[in-house]
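Taking it in order: structure first as structure tokens, then the write-up.
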Amino acid sequence: MKTAQLLILMLLTTPALAAAPFTPEQEARIKVLIKETLVQNPSILAEAADAYEKQAAETQQEVVKQIVTKNHDALYNDAGSPRIGPENATLTLVTFTDYNCVFCKKFEAEITKIMKQYPQVAVIFKPLPYRSETSLSSARLALTVWEQQPKKFVALHKRLMMKKGYHDSASIAAALEKTGITLKEPSQQSLDTVNLNLTLAQQLGVQGTPATLIGDRMISGAIPYEQLEMAVKAAIKDAE
């Protein structure tokens, strides 16, 4: 990169100095130089944007690490949150999900595949009512079953995830019937757990579902299996 281009990139990606050591004439000349350089080399803006995004991502992940440390028990040891997989797992994923989220339903298959491929991995589910009223009712239903009939949770969870589109009262009732679960009403603990999930999600910067905590990294969206596996393998290596 030419010296002038390097200077512009540095000016764009580093904080301004407390006091500019330039005369008005020098400042005017620098502005002209910046304009001319950007016009002739528009890729500099892309480089600056990439550098900014990388720095922002690193800062966000550092914040996630701090929040995970501060809320470790709420994330990993909350009795109200469904957990599947080995008790002494090498790695435990925490996935924020919504039974009305089409992307969550797609990502569910990738999570299942990971658990089959890596039997040392466990998963904790944190339902979030982000989509609609039935996001809340289905979440509370699943959490109550985990609380009262934990052995039937996986079957119900899979049945709720199978529904195309949003749930309604009929589809939720059908999920209960097909899994042989009798439940009069959701428990108070289920609501407490949902509220805890919402608080954790807010602190972690979760803006949508699915969002998955892998080690000390937060992965947003229904990422491809290859990308998920790469993150899991790296986290397992760090944990060993």
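Derivation of every value follows stated rules applied to the coordinates shown; laboratory data play no part. None of these values were measured; they are calculated from a predicted model. Counting neighbours? That spans all protein chains shown, and the Cβs are built from the backbone with ideal geometry, glycine included.
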- [ ] Subtracting the Cα-Cα distance from 0.36 nm times the residue separation, let me have the gained length for residue 207 to residue 88 in nm, one decimal.
- [x] 39.8 nm
Open item on the list: Please enumerate, by chain and number, the aspartates and glutamates with C-alpha under 14 Å from the C-alpha of residue 35, excluding those fewer than 8 residues away in the same chain.
Closed with: 27
TODO: Please sort by residue number the trypsin sites (Lys or Arg not before Pro) in the range 131-171 whose DSSP state is loop and whose Cβ has at most 11 other Cβ atoms within 10 Å.
DONE: 164
TODO: Describe numerically, in nm with one decimal, the distance between label points set 7 Å from Cα along Cα→Cβ at residue 39 and at residue 189.
DONE: 7.0 nm
TODO: List 137, 220, 169 from most exposed to least, where exposure is judged by having the fewest other Cβ atoms within 10 Å.
DONE: 169, 220, 137
Open item on the list: Exceeding 20 Å between C-alpha atoms, which entries from my cross-link table qualify? They are 163/184; 113/158; 126/151.
Closed with: 163/184
- [ ] Put one equal scatterer on each alpha carbon of the range 78-239, apply the Debye formula with no solvent term, and list log10 I(q)/I(0) at q = 0.12, 0.15, 0.16, 0.19 1/Å to two decimals.
- [x] -0.48, -0.77, -0.88, -1.25
Task: Two-site FRET efficiency, residue 30 against residue 216, from Cβ-Cβ distance with R₀ of 30 Å, rounded to 0.05 - done: 0.15
- [ ] Calculate, in nm to one decimal, what residue 79 and residue 233 gain on full extension: separation in residues at 0.36 nm each, minus their alpha carbon distance.
- [x] 52.8 nm
Open item on the list: Under 8 Å for C-alpha pairs, at least 6 residues apart: give me the relative contact order for the range 78-239, rounded to a whole percent.
Closed with: 32 percent
